[in-house]
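The values are calculated or read from the model by the stated rules, or taken from the named source; none is laboratory data. These numbers were taken from a predicted model, which means no experiment stands behind them. Areas reflect the complete protein model, heavy atoms only, side chains present, ligands, DNA and RNA absent. Shrake-Rupley method; radii C 1.70, N 1.55, O 1.52, S 1.80 Å.
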Amino acid sequence: MEKDCIFCKIIDKELPSDFIYENDRLVVFRDINPHAPVHILIVPKKHIRSINDLTEEDNEIVSELISVAKDMAKQESVSESGYKLFFNVERGGGQVIFHLHLHLIGGWKR
């Protein structure tokens, strides 16, 4: 855990959050500043600063992030209508919390 990382504090339950999914490697919760009707974050419990800090040993975590996102899209009823998955990488790419996390957004009416 990084002492000043807000996601590490959420994972360790030092800050309140309602997990909609949790296993021994990941947590999933709603974004507090949603950009879509459905905006959830899939976050590894292991502190990884950014995509740029991934190592080969993290390959399974990345795969699991995507697999869980697919399941969450179904649970959130956006798997058929469509959704976006994305990582923000570094400040220039929009990353403001430096703990790897995958965004799932969707739920727009078309």
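Spatially, the stretch 57-110 and the stretch 1-54 are offset by 12 Å when compared through their Cα centroids. Once the convex hull of all Cα atoms in the chain is built, its volume per residue stands at 104 Å³. With protein chains left intact and a 1.4 Å probe, residues in the chain average 62 Å² of accessible area per residue.
When the accessible area of the stretch 20-110 is computed with all protein chains present and a 1.4 Å probe, what percentage of it is carbon and sulfur? Walk me through the numbers before you get to the answer.
Numbers: 2660 of 5340 Å².
Of all accessible area on the stretch 20-110, carbon and sulfur atoms account for 50 percent.
Counting alpha carbon pairs within less than 8 Å and at least 6 residues apart, what relative contact order, in whole percent, applies to the stretch 1-81?
Computed value for the stretch 1-81: 20 percent relative contact order.
Within the assembled protein chains, the solvent-accessible surface assigned to residue 96 is about 120 Å², based on a 1.4 Å probe.
From the protein chains alone at 1.4 Å, what is the descending order of accessible area for 32, 48, largest first?
Most to least solvent-accessible, the answer reads 32, 48.
Between the helical axis of 59-75 and the longest alpha-carbon principal axis of the chain there is an angle of about 30 degrees.
Which value in deg cm²/dmol, rounded to the nearest 500, describes the helix-derived mean residue ellipticity at 222 nm for the chain, given -39,500 (n - 2.57) per DSSP H run of n ≥ 4 and division by the residue count? Result for the chain: -6500 deg cm²/dmol, rounded to the nearest 500.
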